[in-house]
Amino acid sequence: MIEIQNLTKQFDSYTAVNDVSLTVGKGETLVLLGTSGCGKTTTLKMINRLIEPTSGSITVDGIDVRQQAGPELRRRVGYVIQDGGLFPHYTVADAIATVPKLLNWEPARIQERTHELMEKLQLPVALLTRYPAELSGGQRQRVGLARALAVNPPVVLMDEPFGALDPFTRKHVRRELFGLNELRETTVVLVTHDVSEALELADRIALMDKGQIVQIGPPDELLTNPATDFVRDFLDDKPHRLHD
Ligand SMILES: Nc1ncnc2c1ncn2[C@@H]1O[C@H](COP(=O)(O)OP(=O)(O)OP(=O)(O)O)[C@@H](O)[C@H]1O
């Protein structure tokens, strides 16, 4: 579904992402894990062209992302960031309608899809006219996801999507969201520095350090067969249980 080949990003003389290659299968959840500044966000933002690579290539479903017009890329790749990433002056209804409007959907179709998403994400319809400042953190997160899923993109990119929530709400919201059928069929690339979150959500983890992937594989493989001391130390930082 996503194929990244020899991806490099330099900011002046600093190499933030250094020759990264990986593939993400259809319906898979790949977690980019690593310390602050290791290049996770830069990698993610190159997939939806918020950052242009210095070299290398990225294809989504066989199509080079550089060959895609903006609206077409937004249709195929949803994007969720910390705290929902909502515009303060957009109501919940406006936020969810963003990409459908970009794609010239009829108002009735937008309304139908909006209500469907509100129900799926357990958001009361009374919230549709509210602004982000009038929502709880968990609600903002859900609205951010509703916006990202509005046009059913086959790929959703998430950057620390639960980062702004307290640990209890975070666990609750992420279980709820990842339990959704809609998301189960979606290919997800999720950035986090939270080891427990990665172990819980990932089909595979790509552990990054200094712009490179140190090891990529299913969580239990990284735990039982760490490729380097860095991998072992990173995952061993605190006790984890895979299925608590
Ligand atoms: N626009 C930019 N100009 C210069 N350097 C940048 C720019 N964006 C990112 N960097 C640098 O590139 C490196 C990787 O940044 P990136 O945001 O990808 O890290 P990250 O792994 O997502 O970290 P965090 O978890 O803290 O968000 C960092 O050292 C950062 O300072």
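The values are calculated or read from the model by the stated rules, or taken from the named source; none is laboratory data. Note that the coordinates shown come from a computational prediction; the quantities given were computed from them, not determined experimentally. Reconstructed Cβ throughout: ideal geometry from the backbone, glycine too, with neighbour counts over all protein chains shown. The area values use the complete protein model at the heavy-atom level, side chains included, leaving out ligands, DNA and RNA. Shrake-Rupley method; radii C 1.70, N 1.55, O 1.52, S 1.80 Å.
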Value of [θ]222 nm, deg cm²/dmol, for the chain, DSSP H segments ≥ 4, -39500 (n - 2.57) each, nearest 500: -10000 deg cm²/dmol
Reachable lysines, given that their alpha-carbon falls under 25 Å from the alpha-carbon of Lys120 and they are not under 8 places away in the same chain: Lys26, Lys101, Lys171
Residue with peak Gaussian network fluctuation, the chain [Cα springs, cutoff 10 Å], from Gly25, Gly179, Gly144: Gly179
The chain - percent relative contact order, Cα under 8 Å, separation 6 or more: 27
14 Å Cα-Cα reach of Lys9 towards aspartates and glutamates, excluding residues that sit fewer than 8 places from it in its own chain: Asp19, Glu52
GNM top mover of Glu112, Glu221, Glu72 - the chain, alpha-carbon springs below 10 Å: Glu112
Using θ = phi - 60° and Karplus 6.51 cos²θ - 1.76 cosθ + 1.60, couplings along segment 125-138 (whole Hz; Gly, Pro as x): 4, 4, 7, 4, 9, 8, 9, x, 5, 9, 10, 7, x, x
Solvent accessible area, Å² - Ser21, 1.4 Å probe, full protein context: 60
Whole-angstrom gap from segment 128-201 to segment 4-30, using each part's C-alpha centre: 22
Per-residue HN-Hα couplings for segment 218-227 [Karplus 6.51, -1.76, 1.60; θ = phi - 60°; Hz; x = Gly/Pro]: x, x, 5, 5, 5, 6, 8, 9, x, 6
GNM result for the chain, Cα springs below 10 Å: residue of Val189, Val60, Val214 fluctuating most strongly: Val214
Neighbour cut-off at most 14 other Cβ (10 Å), DSSP loop, trypsin sites (Lys or Arg not before Pro), segment 1-87: Lys26
Under the Debye formula (equal points on every Cα, no solvent term), log10 I(q)/I(0) of segment 142-182 at q = 0.15, 0.23, 0.25 Å⁻¹: -0.37, -0.83, -0.96
Amide H contacts under 5 Å for Val156, placed H, 5+ residues apart: Gly78, Thr187, Val188, Val189
Hydrodynamic radius of the chain per Kirkwood, over alpha carbon pairs, in Å: 18.5
